[in-house]
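Where a number appears in this text, it was derived from the coordinates with a stated rule and is not lab data. Everything quoted here is computed from the prediction, not taken from an experiment. Cβ coordinates were reconstructed from backbone atoms using ideal geometry, including for glycine residues, and neighbour counts include every protein chain displayed.
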Amino acid sequence: ALKRSYITKARKHNLRSNGYVQPQASYKVAILGAAGGIGQPLALLIKMSPLVSELNLYDIANVKGVAADLSHCNTPSKVSEFTGTSELADSLKGVNVVVIPAGVPRKPGMTRDDLFNINANIVKTLVEAVADNCPDAFIHIISNPVNSTVPIAAEVLKQKGVYDPKKLFGVTTLDVVRANTFVAQKKNLKLIDVDVPVVGGHAGITILPLLTKTKPSVTFTDEEVQELTVRIQNAGTEVVEAKAGAGSATLSMAYAAARFVESSLRALDGDSDVYECCYVQSDLNDLPFFASRVKLGKNGVEALISSDLQGLTEYEQKALEALKPELKASIEKGLSFLQKQP
Ligand code: NAD
Ligand code: LMR
C-alpha cells in the first residue's frame, strides 16, 4: 500500500495544472548516513522516484549490504555504495541533492539538544565535504538538533566561501506530515486534502503549527487548538518513548524526507508550483533562521511565504513570541560552534 500510494502521488505530479510535465530520471542524490534507521527506508523511497538516475549511499558502516539489497529493485536509478571517510568525496561528485540523516538519535529522557556534542561534529565534517565536492547541491539537514545543525552548516559553508542560503534546508517536513495526519483524524477530513503550515523550528515549543491557516478551511475550539498543538510539538517524543530506547522516528521521517527530496527535484526540474515548509535562513522576523512555507525553484528558495504569519490568533501570536528566545539560543549555539573548535 505504501508503494502504491507513493507512486500515485508521484504520478499525480506528472501532469500538473500549470502544464509542467515531468520527464524521466536525470538527477543524482546522495544520502549521508544511509545505513541508519532513517537512511535505509529513505533510500528505498528515493529508489522509487522517477526523477532520480543515480543514488549514492554513504555511511561509516554497514552500507555495502544496504546498497546490494536495494540495487536489485527494478527501478531506473543506479545505486552505488561508499564506505568510510576515504570514500566520502567520491559519494558527492556531481550530486544535485544531498540528504544528511547521519548522527545519533534520542533515547527517552533526552532533548534534541542533548545530541548537540556528537552530531555537531558529524554535520560539520559532512558539510565540509559537500562544500569541497558539490557546492551547488541542495543540502537537506535531518540530523538533530536541526535548530543548531543548520546554522553550523551555514558557518561551514561560509568558511569555505560557498554558502548559498537558498540551498541550505533544515528538514521540518515531518512536523507538517504529523500536523496533517492529526488534524485530519481530529476533524474527520480526507487526509490527502489537509495542509497545515508549521513554522518556527524543530524542537518542542519551537514547533508552531498554524492551525487556523489549515487548508481546507476548518474551525477549531480553543481546546482542540491546545490539544493538537501540544501533540504536534511532542510527537517526536511520543515515538522516542514508544520505541523505549531503540531510537526515534525513522519510518515517518523517511516518508517526510522523501517528500522533501521529491519536491526539491521537481523544483530543480522546472516545476513552478512547489511549496514546502522548511527551516532556512530567513528575514521574516528577527531570527536569522526560521521555518516557514517557502516557494522552491531551480535555484532553491525562490520566496519566503510571509502570508501565513499574518493575521495570527492571539494564541498563535503568543506561541510565536514564546518560541523566539529558545530558537535564538539554539541558533547562536550553532553559529558559535566553529569558533570554539581547536
Ligand atoms: P541511526 O543511529 O539509526 O542512524 C544514523 C546513521 O548515521 C548510522 O548508520 C551511522 O553509522 C551513521 N553515521 C554516524 N556518523 C556518521 C558519519 N560521520 N558519517 C556518515 N554516517 C554516519 O539514527 P536515525 O534514527 O537514522 O536518526 C539519525 C538522525 O536524524 C538523528 O540525529 C535524529 O535525531 C535525526 N532525526 C531528525 C528528524 C527530523 O525531523 N529532522 C526526525 C527523526 C530523526
Ligand atoms: C522527531 O521529531 O521525530 C525527530 O526530531 C526525532 C526526535 O528526537 O524526536
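Worth pointing out:
- Within the chain, no helix built from a complete DSSP H run reaches 18 Å or longer along its own axis (Cα positions) while carrying a mean Kyte-Doolittle hydropathy of 1.6 or higher.
- Max mean-square fluctuation residue, GNM over the chain, Cα-Cα springs under 10 Å, options SER86, SER263, SER49: SER86
- Residues whose amide H comes within less than 5 Å of that of ALA249, counting only those at least five positions distant or on another chain, are VAL240 (H built at 1.01 Å from N in the peptide plane).
- Fully extended contour minus Cα-Cα distance, from ALA244 to ASP90, at 0.36 nm per residue: 51.7 nm
- Considering helices alone, the calculated mean residue ellipticity of the chain at 222 nm is -13000 deg cm²/dmol, with DSSP H runs of length four and up weighted by -39500 (n - 2.57) and normalised per residue.
- Length gained on full extension, LYS298 to ASN121: 60.7 nm, using 0.36 nm per residue less the C-alpha separation.
- For the chain, the residue among LEU45, ASN74, VAL198 whose Cα projects farthest onto the positive side of the dipole built from Cβ charges is ASN74.
- Prolate/oblate/rounded call for the chain, Cα gyration tensor, a/c under 1.5 rounded: rounded
- In a DSSP loop and with at most 12 other Cβ atoms within 10 Å, the trypsin sites (Lys or Arg not before Pro) in the stretch 49-109 are LYS93.
- Rounded is the label for the stretch 239-342, because the ratio a/c of its alpha-carbon gyration tensor axes (a ≥ b ≥ c) stays below 1.5.
- In sequence order, the stretch 98-106 has phi-based couplings of 10, 10, 10, x, 6, x, 8, x, 6 Hz under the Karplus curve 6.51 cos²θ - 1.76 cosθ + 1.60, θ = phi - 60°, and Gly or Pro positions carry x.
- Candidates CYS278, CYS73, CYS134, ranked by Gaussian network fluctuation over the chain, Cα under 10 Å, top entry: CYS73
- Cα lying deepest toward the dipole's positive end in the chain, options PHE260, LEU309, ASN119, charges on Cβ: PHE260
- Stretchable slack from LYS340 to LYS166, in nm (0.36 nm times residue separation minus alpha-carbon distance): 60.0 nm
- Cβ crowding within 10 Å, taken as a proxy for footprinting-reagent exposure, orders THR181, THR250 from fewest neighbours to most as THR181, THR250.
- The stretch 261-333: Lys pairs at Cα distance under 27 angstrom, eight or more positions apart or on different chains: 6
- As a calculated quantity, the FRET efficiency between ASN188 and THR111 at R0 = 41 Å, using C-beta atoms, amounts to about 0.75.
- Ranked for footprinting exposure by Cβ neighbours inside 10 Å, fewest first, MET110, MET253, MET48 give MET110, MET48, MET253.
- Of all aspartates and glutamates in the structure, those lying under 12 Å Cα to Cα from LYS160, and not within fewer than 8 positions of it along the same chain, are GLU128, ASP132.
- Taking the inverse of the mean reciprocal distance over all distinct Cα pairs, the Kirkwood hydrodynamic radius of the stretch 75-123 comes to 13.5 Å.
- For the stretch 147-240, a/c is not less than 1.5, where a ≥ b ≥ c are the root eigenvalues of the C-alpha gyration tensor, and a/b tops b/c. That puts it in the prolate class.
- VAL63, VAL198 arranged by Cβ crowding within 10 Å, fewest neighbours leading: VAL63, VAL198
- Dipole of the chain, positive direction: furthest Cα of VAL97, LEU168, PHE290, with charges on the beta-carbon: VAL97
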